[in-house]
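Scroll down for the structure; my scribbles are underneath it.
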Amino acid sequence: MKRLSLIAGCLLLSVLAFAQEGEGSRFSVRLGTGLPGSGAEKFVSGLSTGHYGIQGIYDDYYSDTKALPAISAEGLYQVNEWLSCGAQVIYGSYSNQRYDGITDQLKAERSGQTYIVMPEAHVSYFQKGLLSLYLGVSVGSGYFAGFDNIDEKVSFEVQFVPLGVEFGGRVFCFAEGCLGTAVNWVHGGVGFRF
């Protein structure tokens, strides 16, 4: 695994080194991943019955939740040297199992997906060479498919990026610290300007 990661890193750096002529490019497409995704908390919301004593011992129980990191695709248009606007789509997938509290037999497989669409804006506050620092905000809505424990399948989503870093020219990589409901800790990936 270490060797594969090292090879992938070297290939990415090689591509970045050869594709740095990004002058005049106003559109960019970014593909990334982040964690944790917005659906993890909603996927398990209300599943714990909160019973105590004998009833709490023999209630159904749930396995640990398995989740994919949130997967994102973004399109941005550079309005001027400091402002970019666009939209992003984020997908997340979650699953767990419900077991009978008495027999320990599997009763149900649970799975759900989140689909989030958010318009976004980035403001670049530092640019030097191939490095750009920015902050951003996104506001939109999400749909929670397969979440059998919640009644409202559509929700308001927001994401604030207090620190974002882009490095590269036509092909670039990015990393963001995120606060919000779509992705709440870190988000990063690669992009292409054209």
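Quick note: the coordinates plus some simple rules give every number you see, no bench work behind them. None of the values given here were measured: they were computed from a predicted structure. Neighbour counts run over all protein chains shown; Cβ positions are idealised from the backbone, glycine included.
Laid out as a table, the results:
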item	result
Loop-resident sites, segment 132-193, for GluC sites (Glu not before Pro), counting at most 12 other Cβ within 10 Å (DSSP)	GLU152
Per-pair calculated FRET efficiency, R0 = 25 Å: VAL190 and GLU81 via Cβ, rounded to 0.05	0.65
Proximal aspartates and glutamates relative to LYS107, as straight alpha-carbon distance under 18 Å, when same-chain residues fewer than 8 apart are discounted	ASP59, ASP60, ASP64, ASP148
Check: segment 72-161 dipole with +1 on Lys, Arg Cβ and -1 on Asp, Glu Cβ, in debye	180 debye
